[in-house]
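Trainee: Once you've had a glance at the structure underneath, I'll fire off some questions.
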Amino acid sequence: ARPNAAQFKQLVVTALRELHGEVGAALPVDVLTYEEKTLSAILRVISSGLVKLWSALTLLGFYQNRRCAFRVLQTSPFLLALSGNSRELVLD
Amino acid sequence: QNILTVCFSVGYSAVALNHVIDFKEKKQEIVKPVSPSELFPSLPIVQGTSKRIKVLTRLTLVVSDPSHCNLLRSTSANIRLYDIIAVFPKTEKLFHIACTTLDVDLVCINVTEKLPFYFRRPPVNMAIDRGIYFELLYTPAIKDSTMRRYTISNAISLMQICKGKVSSQSENKPLELRGPYDVANLGLLFGLSESEAKAAVSTNCRATMLHGETRKSACGVVYTVKKPRKVEEEETAVPACKKAKTQA
């Protein structure tokens, strides 16, 4: 069963709580978009909280007894930058 | 093979396949490594660049006894076939020997239990001078919360002692693999600075590869890259700029 948007937010908060405790779970994270088909989402967080959020997502292994893995595709301070993936750039 | 496909899709450009040899069991022989060409008829291209993936072979020796190290010196023919050699010492004495005299590229540190020995600065510094890097497994942090605590505490103590000369390693299942940028972020958690964390995934790993090649070739390795010839017009452009500056 694929998670819907609310369950996804719950997943993110659980990951933060498991790694960084109550302070981490209190970090204000917004889910800007969520696509159930591809299971991809755009999250927004304050820049000082990036390391916490990213590490919490990376280290999340289980959700409701199912294995899972987060793959962070892009991070950027600007929403517009997310349209072009800078990791795909080629150095000649 | 499944794992390798995942690695490539996530963005690693070089992968080393690890064989672990444990000496507690009797009569372990070093087997020939599986050649990468047997796994893939043609290596797929990394996402994002136009180069093909490199697949290397690597051997990890779990040593709990000094006699096991004799294997490294005995120059068994099969050892030479591996690109990178790593050692996993279980006691303090062996850690000391591994850092100072053994001919290896990496020293693995077990993160899943409280370490039976403390790191001391002298052997660690000698290892760094010799070009040996330390290695951590990050997969236990994903599986279990107790392991996570041990992993983080061991990693932090390692970082404090070895000034960041670390590279990271993953384990077997494809779901437990994490992308290079994610692992670099974990480095930040363990106390590295941002540049050190990124280096842990990129520069240090490449240095280990080159160290392995150096070990194979007996003196040194120099990588050269062809530089395109400078066009004559470029050289004349520079004095013109200089002129402009002095006039202004």
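Trainee: Which parts of segment B:144-167, residue by residue, lose 50 Å² or more of accessible area when the rest of the protein chains are there, as against the chain isolated (1.4 Å probe)?
Mentor: With the partner chains in place, segment B:144-167 has these residues losing at least 50 Å²: B:R148.
Trainee: Measure up A:K52/B:K165; A:K37/B:K143; A:K37/B:K198; A:K9/B:K165 against 30 Å on the Cα-Cα distance and list the ones that go over. Can you show the working numbers first?
Mentor: Values: A:K52/B:K165 23 Å; A:K37/B:K143 26 Å; A:K37/B:K198 32 Å; A:K9/B:K165 37 Å.
Going by Cα-Cα distance, A:K37/B:K198; A:K9/B:K165 fall outside the 30 Å limit.
Trainee: Also, I was wondering about something else. Could you check the simple spin-label distance between A:T14 and A:E36, using points 7 Å along Cα→Cβ, in nm with one decimal?
Mentor: Label-label distance for A:T14 and A:E36, simple model: 1.8 nm.
Trainee: Given the alpha-carbon gyration tensor of segment A:5-73, what are the semi-axes of its equivalent ellipsoid in whole angstrom, ordered largest first, with each equal to the square root of 5 times an eigenvalue? Intermediate values should be presented prior to the final figure.
Mentor: On the way: eigenvalues 59, 44, 23 Å².
Each semi-axis is √(5λ); the values are 17, 15, 11 Å.
Trainee: Compute the relative contact order of chain A as a whole-number percentage, counting only Cα pairs closer than 8 Å that sit 6 or more residues apart in sequence. Intermediate values should be presented prior to the final figure.
Mentor: On the way: 76 pairs, mean separation 19.1, N = 92.
Result for chain A is 21 percent.
The values are calculated or read from the model by the stated rules, or taken from the named source; none is laboratory data. These figures come from a predicted structure and were not determined experimentally. Every residue, glycine among them, receives a Cβ derived from its backbone with ideal geometry; neighbour counts consider all protein chains shown. Quick note on the areas: whole protein, heavy atoms, side chains included, nothing else; ligands and nucleic acids left out. Shrake-Rupley method; radii C 1.70, N 1.55, O 1.52, S 1.80 Å.
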